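So the structure is just underneath, and the comments pick up after that.
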Amino acid sequence: MDLDLRLDLLDQLYTIYGDFIRQQPLACTKGCSQCCTCNLTITTLEGEYLRRKLPPTQHSAVMQRLVGAADRPRYRPSVTLNQLADLCARGEDPPEEENDPDWGACPVLADDLCPLYEVRPFGCRCMVSRHDCRQTGYAEIAPLILTVNDLILQHIEHIDAKGYSGNFTDILLFLDQPASAASYRQGQLGAPPDGLLANQPLFTLMIPPEHREAVAPLLKAIRAIRPQGQ
Ligand code: SF4
Ligand code: SF4
């Protein structure tokens, strides 16, 4: 499927999730940024989405900050979510991951505000809490929200099955190289470079039995989305 059409599907997934999450009781407010860490992961599709939506000057400023943070330690996943779902379905253990919140704040965070908030990746949209993390020291996410988060993330990876997943900084640095961006846009990416992972289609949904009924309308809405005009 053409990249423009896939970006349109991503937009629709963001809207479905936005409608869902607005109905949840959350403590999240503007300027609350404890959850904004350098360990955020995204897909190439989400990276391309924000690259296209950000005005050029703002995009340059974001890239400058990411280049400046390129040497800092950050979480680099060793499996994608759809790979993890398949591992779990086969009863296999997921690999050990190295992830430390002390690696620091998201490189683009400025004065506790996100300069790309309107076009932020899904990993930022789904990081929510019932209680203010600044007081509790941790996020408290309702189990149903966690299930819905996985549901959307699995579909994003599925739509971007010819792309990559990885750390926010790594994906955006990758897409900032003209040759890499051109290969991605033409659907011709080869094996991923170090630090990035090849996405895969969705084969196994991670919905616990107790949430199947509650997520059924959302799943129906997700399965009904089509690129605009089709
Ligand atoms: S998840 Fe926690 S730190 Fe992030 S905005 Fe919500 S309350 Fe604040
Ligand atoms: S991209 Fe924005 S919302 Fe996401 S972690 Fe970074 S500063 Fe926070």
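Observations
- Pair list, Cβ < 9 Å and 6+ apart or interchain, from the range 6-35 residues that are closer than 16 Å to residue 116 by Cα and of a type in the set (Lys, Arg) to residues that are open to solvent by 30 Å² or more (accessible area, probe 1.4 Å) and not in a loop (DSSP other than H, G, I, E, B): 30/113; 30/117
- Selected residue (only one of 117, 75 is hydroxyl-bearing (Ser, Thr, Tyr), open to solvent by 40 Å² or more (accessible area, probe 1.4 Å), within 16 Å of ligand 2 (Cβ to nearest atom) and farther than 16 Å from residue 44 by Cβ): 117
- Selected residue [open to solvent by 30 Å² or more (accessible area, probe 1.4 Å) and within 16 Å of ligand 1 (Cβ to nearest atom)] from 141, 145: 141
- Residue within the range 149-159 that is of a type in the set (Asp, Glu), open to solvent by 40 Å² or more (accessible area, probe 1.4 Å) and within 16 Å of ligand 2 (Cβ to nearest atom) present: no
- The set of residues in the range 179-214 being under 18 Å from residue 5 (Cα atoms) and either open to solvent by 70 Å² or more (accessible area, probe 1.4 Å) or part of a helix (DSSP H, G or I) (or both) consists of 181, 182, 183, 184, 185, 186, 188.
- Pairing each residue of the range 129-140 that is touching a residue at least 60 places away in the same chain (Cβ under 8 Å) and among the hydroxyl-bearing types (Ser, Thr, Tyr) with any residue that is within 14 Å of ligand 2 (Cβ to nearest atom) and open to solvent by less than 100 Å² (accessible area, probe 1.4 Å), provided the two are 6+ apart or on different chains, yields C-beta distances under 8 Å for 129/28; 129/35; 129/139.
- Taken over the range 215-230, residues that are open to solvent by 60 Å² or more (accessible area, probe 1.4 Å) and among the small types (Gly, Ala, Ser) amount to 2.
- Test for residue 65: is it open to solvent by 40 Å² or more (accessible area, probe 1.4 Å), under 13 Å from residue 115 (Cα atoms) and either modelled with pLDDT of 95 or more or more than 16 Å from ligand 1 (Cβ to nearest atom) (or both): yes
- Residue within the range 79-92 that is surrounded by fewer than 20 Cβ atoms within 10 Å (Cβ to Cβ), basic (Lys, Arg) and within 16 Å of ligand 2 (Cβ to nearest atom) present: no
- Residue match in the range 16-39 (condition: of a type in the set (S, T, N, Q), over 16 Å from the mean Cα position of the chain (by Cα) and either surrounded by 18 or more Cβ atoms within 10 Å (Cβ to Cβ) or within 12 Å of ligand 2 (Cβ to nearest atom) (or both)): yes
The values are calculated or read from the model by the stated rules, or taken from the named source; none is laboratory data. Since the model is a prediction, treat every value here as computed from it, not as a measurement. Reconstructed Cβ throughout: ideal geometry from the backbone, glycine too, with neighbour counts over all protein chains shown. We work out accessible area using only protein heavy atoms, side chains counted, and drop any ligands, DNA or RNA first. Shrake-Rupley method; radii C 1.70, N 1.55, O 1.52, S 1.80 Å.
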